[in-house]
Every structure is written in C-alpha cells, then in structure tokens.
Amino acid sequence: MKYEVEVDINLSREIVIRLFDNPANMKHWQPGLVSVEHLSGQPGEVGAKSKLYYKMGKREVVMIETITSKNLPSEFSGTYEAKGVWNHVQNYFIEINENKTVWKSVNEFRCTGFFKIMIFLMPGMFKKETCKHLVNFKEFAESI
C-alpha cells in the first residue's frame with residue numbers, strides 16, 4: 001500500500017528542519033515514543049540504524065529505523081521495520097515562502113500476518129496515523 005499526506009507548517013523551512021532533525025524533539029510529536037537507541041552508523045546520517053521503543057496502550061512496539069537518504073533541507077527518507085510491518089517513508093520539505101513550509105510524506109507499507117489483514121480491511125488506519133504525526137509536529141513546531 002502506498003499513499004501521500006502533507007501538512008502546511010507556518011514556519012520557515014530552516015526552523016522546520018532544525019526541529020525535525022533533532023532526535024530529542026521526537027517525543028513531542030510521536031505519541032507513545034519511549035526511547036531511541038542508536039545501533040550503528042553515524043547518528044542521523046545515511047545508513048544509521050536506531051531502535052525506536054513505543055508504548056501504545058498496553059502494547060510495546062519496537063521499530064528499527066534505517067536512514068536511506070538525507071538531503072536536508074529538502075528531503076529525508078528511511079525505512080521502519082517492526083514485527084510484520086515494513087514501511088518506507090520519503091519526507092519532502094517544500095519551502096513556500098519565508099514563513100511557510102509544506103511537509104509532504106510519501107509512505108509505502110508491506111505487511112505480513114495480522115498486519116496484512118489489517119492493511120486490507122482498514123487501509124485508512126495507517127494514513128490516519130501518519131497524518132496524526134504530521135499534525136502533531138506542526139502543532140509542536142508552531143507552539144515554540
């Protein structure tokens with residue numbers, strides 16, 4: 001499954017990228033994020049791997065993030081793998097003017113087992129969660 005979502009952020013692209021590219025800020029816009037553990041590579045650079053720990057209700061989810069492309073301020077991409085889910089995310093930051101940036105997120109999911117059924121029955125659930133993260137980031141960034 002592949003889809004795109006975007007959000008308008010009322011800040012310069014420079015500020016958006018400064019906030020986005022700081023791992024300490026992830027907890028402000030990714031609900032349930034408990035911690036990030038660096039595994040390999042140069043942190044924040046192409047090829048780096050990190051383990052992301054989430055608490056979602058009573059479930060604990062562990063994801064492996066691999067940075068696949070980093071051409072900031074315009075683009076940042078990575079893969080996110082968890083049990084039964086592989087997700088490739090391409091993030092584009094489009095400067096509209098000095099006070100407005102569009103964050104466009106292109107997502108591709110490949111699932112197995114239970115999640116393959118979920119993606120078939122409720123494809124909107126994945127898109128809704130992605131939208132929620134983008135809106136959370138917008139609200140966090142614009143509140144600073």
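Where the centroid of each part is defined by its Cα atoms, how far is the stretch 53-105 from the stretch 1-45 in Å?
The two parts, judged by their Cα centres, are 7 Å apart.
Taking the chain as a Gaussian network, where each spring joins two C-alpha atoms under 10 Å apart, which residue of S77, S35, S105 fluctuates the most?
Sorting by GNM fluctuation, first place goes to S35.
At 222 nm, what value in deg cm²/dmol follows for the chain if DSSP H runs of at least 4 each add -39500 (n - 2.57) and the sum is divided by all its residues, to the nearest 500?
Values: 4 runs with 42 residues, N = 144.
Computed ellipticity for the chain at 222 nm equals -8500 deg cm²/dmol.
Which semi-axis lengths, in whole Å and largest first, follow from the square roots of five times the eigenvalues of the Cα gyration tensor of the stretch 1-118?
Equivalent ellipsoid of the stretch 1-118: 25, 17, 14 Å, largest first.
Trypsin sites (Lys or Arg not before Pro) within the stretch 23-81: which are DSSP loop residues with at most 10 other Cβ atoms inside 10 Å?
Details: sites: K27, K49, K51, K55, K58, R59, K70; in loops: K58.
Here the trypsin sites (Lys or Arg not before Pro) that fit, given the DSSP loop and packing criteria, are K58.
For the stretch 2-143, what's the relative contact order in percent, using C-alpha pairs closer than 8 Å and at least 6 residues apart?
Numbers: 273 pairs, mean separation 40.8, N = 142.
It comes to 29 percent, rounded to a whole number.
Going by amide H atoms built from the backbone, whose H comes under 5 Å of the H on L11, apart from near neighbours?
Amide H neighbours of L11, under 5 Å, 5+ apart: K100, T101.
Calculate one ³J(HN,Hα) per residue across the stretch 72-87 by plugging θ = phi - 60° into the Karplus curve 6.51 cos²θ - 1.76 cosθ + 1.60, and present them in order as whole Hz with x for glycine and proline.
6, x, 9, 8, 8, 10, x, 10, 10, 10, 9, 4, x, 9, 10, 9
I'd like to know which of F120, M26, Q42 lies farthest towards the positive end of the charge dipole of the chain, counting +1 on Cβ of Lys and Arg and -1 on Cβ of Asp and Glu.
Value computed over the given set: F120.
Can you give me the distance in nm between label points at S74 and V102, each placed 7 Å from the Cα along the Cα-to-Cβ direction?
Taking the simple label geometry, S74 and V102 are separated by 1.5 nm.
Rule-based calculations on the coordinates, nothing more; no lab input. If you're wondering where the values come from, they're calculated on a predicted model, not measured in any experiment. When we count neighbours, we look across all protein chains shown, and the Cβ atoms used for this are built from the backbone with ideal geometry, even at glycine.
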